[in-house]
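Report on the structure given below.
The values are calculated or read from the model by the stated rules, or taken from the named source; none is laboratory data. In this text the structure is predicted, and so the values were computed from the model without any measurement. All Cβ positions, glycine included, derive from the backbone under ideal geometry; neighbour counts span all protein chains shown.
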Amino acid sequence: MPEWTTLGKLLIEIGLGIIALGVLLVALDRIPGLGNSISWLGKLPGDISIKRENFSFYFPIATSIVFSIILSLLFYLLGWLFRR
């Protein structure tokens, strides 16, 4: 059963990380001058945005690719650090 407690602790840590990220994003939006620091997010060239009268469609392809690259590098570095 020790592997279940390890998994439980990992899930709690991931949840706390997501909460911390959410608080950080809310704080960035409320601090004058820093709210615009992430305004580019979702407006990259390559993001598809279609707006009509009664219809709007948004698909952030370029933003998804940027996030994928950043997260891949982050997880690679974390894996490299923990293997040492």
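If the condition is being acidic (Asp, Glu) and over 19 Å from the mean Cα position of the chain (by Cα), then segment 36-58 contributes only 53. Scanning segment 30-46 for residues that are in contact with a Leu (Cβ under 9 Å, 6 or more places away or on another chain) and either modelled with pLDDT of 75 or more or of a type outside the set (Val, Ile, Thr) (or both) gives 34, 35, 37. Residue 80 satisfies every condition listed in (1) over 19 Å from the mean Cα position of the chain (by Cα); (2) surrounded by 11 or more Cβ atoms within 10 Å (Cβ to Cβ); (3) within 25 Å of residue 18 (Cβ to Cβ) except (2). Among the residues of segment 1-29 satisfying the criterion of being over 19 Å from the mean Cα position of the chain (by Cα) and not aliphatic (A, V, I, L, M), which is modelled with the lowest pLDDT? Applying the filter and picking the extreme gives 2.
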